[in-house]
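Here's the structure, in structure tokens; my notes come after.
Bear in mind these aren't lab numbers, they're just calculated from the coordinates by the rules spelled out. Note that the structure is a prediction, hence the values are computed from the model and not measured. Using ideal geometry, Cβ is built from the backbone for each residue, glycine included, and neighbour counts are taken over all protein chains shown.
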Amino acid sequence: MRRMRKELGTFATVSKKHLLNQITRHDIFAYWTWLKDVRGSAPRTIYNRIQTPLTFLKNRGVVGLLKSSDMPEFAGRGAVSSIT
């Protein structure tokens, strides 16, 4: 629970959005890019980290921000391809 709260706080800081109805697809990609460029996170970590806000939003009725084709494809056990 603590990790989820921290992750959502980081997402809110990066997106600068605090109301659910303001969050857009662009905010998800901006967070993804921030994780990659600022934090230097590995592709698998990025995938896991964006799942937290997506799950939170989905449970509150905010859906359709990413298409399944937007998500990275796994290149094997534990590896995923990164976004460009």
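For this structure, a couple of remarks:
- The protection proxy used here, the mean number of other Cβ atoms lying within 10 Å of each residue, ranks peptides 29-35, 62-68 as follows, highest first: 29-35, 62-68.
- Full-extension gain in nm, LEU19 to THR55, via 0.36 nm per residue minus C-alpha separation: 11.4 nm
- Taking other C-beta atoms within 10 angstrom as a stand-in for reagent exposure, ASP27, ASP37, ASP70 fall in the order ASP37, ASP70, ASP27, fewest first.
- Only Lys, Arg (+1) and Asp, Glu (-1) charged, at Cβ; region 1-65 dipole about Cα centre in debye: 220
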